[in-house]
Amino acid sequence: MVLVLAIGDLNIPHRAPDLPPKFKSMLVPGKIQHIICTGNLCIKEVHDYFKTLCPDLHITRGEYDEDSRYPENKTLTIGQFKLGICHGHQVIPWGDLDSLAMVQRQLDVDILVTGHTHQFKAYKHEGGVVINPGSATGAYSSFTYDVNPSFVLMDIDGLRVVVYVYELIDGEVKVDKIDFKKTATAPSAH
Amino acid sequence: MVRKRVPDWLNSSLWSTTPADDRLHHYFPSPTTTTSSATFSEPTLQPPAPVPPPAASSKPQSTPTSPKLEIRDPVNRNSNNNSGGNDQNGDSSGVSPDDISRQAQLLAELSKKVINMWELRRIASQGIPDGGGIRSTVWKLLLGYLPPDRSQWSSELAKKRSQYRHFKEELLMNPSEITRRLEKSVGCDNDESKPEGRGLLSRSQITHGEHPLSLGKSSVWNQFFQDSEIIEQIDRDVMRTHPDMHFFSGDSQLAKFNQDAMRNILIVFAKLNPGIRYVQGMNEILAPLFYVFKNDPDVEMAANAEADTFFCFVELLSGFRDHFCQQLDNSNVGIRSTITRLSQLLKEHDEELWRHLEVTTKVNPQFYAFRWITLLLTQEFNFADSLHIWDTLLSDPEGPLETLLRVCCAMLILIRRRLLAGDFTSNLKLLQHYPSANISHLLYVANKLRTQAIG
């Protein structure tokens, strides 16, 4: 039972001052084992804040990140799952699911966590699952101003993942979940 | 222990070295040890010649008559094999005739259809031999886990063991599993999206508002994270139990298995008892119980040691719960009042020593007696000795506390010469690192205190 937080696109301080207080009250240290951050934090203070939540932090570089040492993409293994992170601004067309599927196959991961669109998405294809946690601060994106703050918490338990989606809609935190299982053998390419 | 003035009771021939005398003394209990000794006038068994125990234990079977027992089965329950597999003992070479006879008595008692608890307690209070799983069975009887009626044993054991399994399943489940079961019960099936398809994954509602970051008091997740603090402490203490013993500590498979079992027991106990939860020290009380039960030569008993230990641990702790509750410290059931009782006992039996300790050198009994009492003397003597002391403690029909206080008092009296000669520092040091003593002698003295008015 491993809890992994997928979060990103905060764009602090340029587009948003801070996380919504309701989110902040829920994110307390000691519960989460890993944090996966898609990028665009943008400043060191946000990095430090995440470090206090959980020491195991994985970040990839977004186009506005001030720290240029973050990698473009990253892979890690948690339990039975291979996860990949990539901010997404490098993948053109932005947000295109087929192109993201290509990146996923390149990285050879079961779950690809990506961002940039500031919109939550969970998409399944033959190569695996793509999850976009959206923007945790609700910062405006390159497409639209109408953004709901959201992030994702994954509960990885054996071959099963429960993805809890936390969204701030009209000032209230709404939680949904998505369940999926990995088949024991790697999904075959069509 | 040499003293200036040796009291008579210390000079008793019980401590003589000739075997013949000892055997006889064991069958005719000295008048001071038991209150109602009149009920049995003759021994139930022939004094066994020093023969290997299996032979010895078959002898007593053949003598049926004894008026003292309420219910007695017909004679020839000679099948020694259903005495729970506890009729072999390793060497009789290092074992004195005392021990052999005690072992024979115990085996005789244990193989009866309905066990006379009073008689069992009497024999057990003199000490239980180490081999053959006798101690394991006797302790279970003394703690009320096994009923005196042997025919009920298998059903009782099965019931209790399945209850423990149930507890474990319920309480040791992690929240992921709990939510999964909740979903199943609510009926929302995770419909597997087509394995080879593409498409947006459908979102579903969470059941009962349960999510990992929930801050709600009734949330399974929240409780899990709150419990994790206690679980961490239990874990730490279990790792620290008896680091010198391979059974409990080290990298071996056995040690890890045992640590896991002890951890489970303590976690289940903590969750079932929210009032007292887990307090440091409970692991020390658990350790001897688990050790004895796990080392039972009977394979089935050893395999179920965890469940058996859990119930016996609960039973044992029930008499001492109040010592672990901080709020009750100053009440008249708390640890402070128990320590005061010890003080009183010492004053009754040895006023000179009491005065010297408490008044002259101002050694507050809390400094040493706290650990003696709350941990039932497990930390003061080596492991084997503490098992022997527990034989006596557990066989007290009034509960271990009375005997415990007497043993503590005896511990003080036995080193009175050194204490009287010492000041605060040396006395405190001595009491906090109690010197090794002859345990049988200690228990004998403690027993004497039961009937003596002044020492």
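Listed by Cβ neighbour count within 10 Å, with the fewest neighbours leading, A:Lys22, B:Lys140, A:Lys31 appear as A:Lys22, A:Lys31, B:Lys140.
Computed from backbone phi with θ = phi - 60° and the Karplus coefficients 6.51, -1.76 and 1.60, the 3J(HN,Hα) list for the stretch B:342-353 is 4, 4, 4, 4, 5, 4, 4, 8, 8, 5, 4, 5 Hz; x is used for glycine and proline.
Give the dimensionless ratio obtained when the Cα radius of gyration of chain A is divided by 2.2 N^0.38 Å. Before the final figure, lay out the partial values.
Values: Rg = 15.3 Å, N = 190, 2.2 N^0.38 = 16.2 Å.
In units of the globular-protein estimate, chain A measures up at 0.95.
Projecting the Cα positions of B:Leu106, B:Pro129, B:Pro148 onto the charge dipole of the stretch B:99-152 (unit charges on Cβ atoms of Lys, Arg, Asp and Glu, taken about the Cα centre) puts B:Pro148 furthest along the positive direction. When each of B:Arg321, B:Arg150, B:Arg236 is scored by the number of other beta-carbon atoms lying within 10 Å, the sequence from fewest to most is B:Arg236, B:Arg321, B:Arg150. In a simple Cβ point-charge model (Lys, Arg +1; Asp, Glu -1; nothing else charged), the stretch B:326-449 has a dipole of about 360 debye relative to its Cα centre. Between the amide H of A:Leu112 and those of A:Gly84, A:Val129, A:Val130, A:Ile131, distances stay under 5 Å, these residues lying 5 or more places away or on another chain, with hydrogens modeled in the peptide plane. Rounded, prolate or oblate: pick one for the stretch B:120-229, where a ≥ b ≥ c are the square roots of the eigenvalues of its C-alpha gyration tensor, a/c under 1.5 means rounded, and failing that, prolate if a/b is larger than b/c, else oblate. Prolate, because a/c is 1.5 or more and a/b exceeds b/c.
Cβ crowding within 10 Å ranks A:Val165, A:Val113, A:Val103 as A:Val103, A:Val165, A:Val113, fewest other Cβ atoms first. Note on B:202-210: average number of Cβ atoms from other chains within 10 Å of each residue's Cβ is 4.
For the stretch B:224-278 versus the stretch B:112-133, the spacing of their alpha-carbon centroids is 31 Å.
Based on Cβ point charges of +1 for Lys and Arg and -1 for Asp and Glu, what charge dipole magnitude is obtained for the stretch A:2-181 about its Cα centre, in debye rounded to the nearest 20? Intermediate values should be presented prior to the final figure.
Numbers: 17 positive and 23 negative charges, 69 e Å.
Once rounded to the nearest 20, the dipole reads 340 debye.
Readers should treat all values here as calculations from the given coordinates under stated rules, not as data from a laboratory. Source: prediction; values computed, not measured. Glycine gets a Cβ as well: all are built from the backbone with ideal geometry, and neighbour counts include every protein chain shown.
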